[in-house]
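Student: Structure provided below as structure tokens; questions to follow.
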Amino acid sequence: MKANVREVQGVAVVDLKGKITIGSGDVQLREVINGLVEKGKKNILINMQEVTTIDSSGIGELVGCYTSVTNKGGKLKLLHLPPKINDVLTVTQLITVFDVYESESEALATYAA
């Protein structure tokens, strides 16, 4: 998995690409998010448009990252969920935990509110 972090309107946008699976992206995801939190970033948007696969380990890391950011008083939201990942989050009912957006500008506007 590759992660690219960019700052847009004070929000850390994390563009992910590839697989978030056990041993191949799960730990990397945690490191990227924890690194942002340690730098004081409270508003994080994870763009999953180019994520090809996610397994239970990857889902667990997403939930862990969400919890870490929330506990620090921040907000972690998801952007551009691929259909397969959307299905997994729906089946596990985690879709109700995350704020999910299809438009980056729409998602960014919710942080300011």
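Student: Between Val27 and Thr52, what FRET efficiency comes out of the Förster formula 1/(1 + (r/R0)^6) with R0 = 25 Å and r the beta carbon distance, rounded to 0.05?
Tutor: Using R0 = 25 Å, I get an efficiency of 0.90.
Student: Only helices at least 15 Å long along their own axis, judged from Cα atoms, and with Kyte-Doolittle mean hydropathy of -0.5 or greater: name those in the chain from DSSP H.
Tutor: 26-38, 56-71
Student: Among the lysines, which fall within straight-line cross-link reach of Lys19, defined as a Cα-Cα distance under 23 Å, with same-chain neighbours fewer than 8 residues apart omitted?
Tutor: Lys2, Lys77, Lys84
Student: Given charges of +1 on the Cβ of Lys and Arg and -1 on the Cβ of Asp and Glu, with all other atoms neutral, how large is the dipole of the chain about its Cα centre, in debye to the nearest 20?
Tutor: Taking the Cα centre of the chain as origin, the dipole is about 280 debye.
Student: Running a GNM on the chain with Cα contacts under 10 Å, which residue among Ser68, Ser103, Ser56 ends up with the highest mean-square fluctuation?
Tutor: With Cα springs under 10 Å in the chain, the top fluctuation among Ser68, Ser103, Ser56 is at Ser103.
FYI, it's all coordinate maths here, none of it is from the lab. Not measured: the values here are computed from a predicted model. We place every Cβ from the backbone using ideal geometry, glycine too, and count neighbours over all the protein chains shown.
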